Amino acid sequence: MTTAVLERSAPTVRTTARKPRKTRYVSTAILLLGALYCLMPVAWVVIAATKGPNDLFTTFSFWPSFNGGFEYNLRTLLEFRSGIFWKWALNSLLYAGAGSLLSVAVSVTAGYALAKYRFAGREAIFRCILAGVLVPQITLAVPQYLLMSKLGLVNSYWSVLLPSIISPYCIYLSRIYAAAVVSDDMLEAGRIDGAGEYRLAWSIGLPPMIPGMITVFLLQFVAIWNNFLLPYIMISDDRHFPMTVGLFSMLNQGASQPALYSLVIMGAFLSVLPLIALFLFLQRYWRIDLVSGAVKG
């Protein structure tokens with residue numbers, strides 16, 4: 001009887017063992033499809049950057065060219081209109097770098113205050129910030145333009161920098177992060193020892209928030225670097241264009257000058273490189289955060 005029971009139960013055990021393996025295969029396949037969907041446009045840009053104007057529309061899309069197209073595109077792009085692409089790149093760096101640093105300062109300060117201080121209207125302010133997260137940025141472009149026009153800042157660097165400083169999502173993220181990593185007991189101990197609020201925020205609140213600050217900086221840097229609509233509306237002088245608007249203006253000229261299409265693709269390829277370098281440079285801070293979290297536990 002025991003042998004018969006084992007024989008009947010064996011297929012059930014084997015069937016049960018197969019289910020997790022099938023689930024892993026399905027999950028892996030979905031992840032691979034997602035990765036392919038995200039990486040194919042990047043691969044196309046990299047391959048198309050190797051093609052000159054004569055090869056761009058006459059060869060297979062995912063086959064690189066070895067006829068010197070990459071060198072030609074790079075040299076021609078950097079010499080285009082006396083090197084205006086360099087100006088666009090510096091403008092993008094200014095908008096993204098300065099805007100991200102200022103946004104980090106505002107977001108972390110506001111998030112720390114909302115997380116660690118009790119004051120009248122705190123929850124109402126936080127709910128307003130949450131509501132701001134749900135508002136699409138495109139709906140704010142025209143009101144921001146009208147406001148900058150009243151201030152006389154249209155067609156200047158400030159017209160792009162000032163709207164980039166305030167990010168409801170980054171304030172929300174900083175508030176959540178500060179509530180999780182800044183110890184109330186440490187703050188109370190510092191107050192008992194006579195430390196002021198500025199000293200507490202600098203010495204106790206700021207150090208554990210550095211990984212969160214890096215995350216906010218990276219999110220804002222990428223968002224401002226890739227932003228197109230705001231500078232497109234605010235700026236008409238091409239000397240103040242970021243790379244996104246500058247390359248778009250070149251693309252519009254491609255209808256009459258098809259050779260510019262390959263230069264636009266090369267510009268798109270070059271615009272991705274700083275973001276990749278920034279990710280690689282800042283990833284060590286997330287590793288430190290993971291290790292510190294494991295040690296705290």
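General observations
- Cα convex hull, region 116-166: 110 Å³ per residue, rounded to a whole number.
- Phi angles across region 117-131 convert, under the Karplus curve 6.51 cos²θ - 1.76 cosθ + 1.60 with θ = phi - 60°, into 3J(HN,Hα) values of 10, 10, 8, 5, x, 4, 5, 5, 5, 5, 5, 5, 5, 4, 5 Hz, Gly and Pro given as x.
- When you restrict to C-alpha pairs under 8 Å that are six or more residues apart and normalise by the size of the chain, the relative contact order lands at 26 percent.
- Estimated vicinal HN-Hα couplings, Hz - region 274-279 in sequence order (Karplus 6.51, -1.76, 1.60; Gly, Pro = x): x, 5, 5, 4, 5, 4
- Computed over region 77-293, Kirkwood Rh from alpha-carbon pairs, angstrom: 19.4
- With R₀ set to 41 Å, the beta-carbon distance separating Trp86 from Gln137 gives a calculated FRET efficiency near 0.90.
- Cα centroid separation, region 61-123 to region 133-153 (Å): 20
Read-outs: derived from the displayed coordinates by stated rules, not from any lab. Computed from a predicted structure; not experimentally measured. Backbone-built Cβ (ideal geometry, glycine too); neighbour counts: all protein chains shown.
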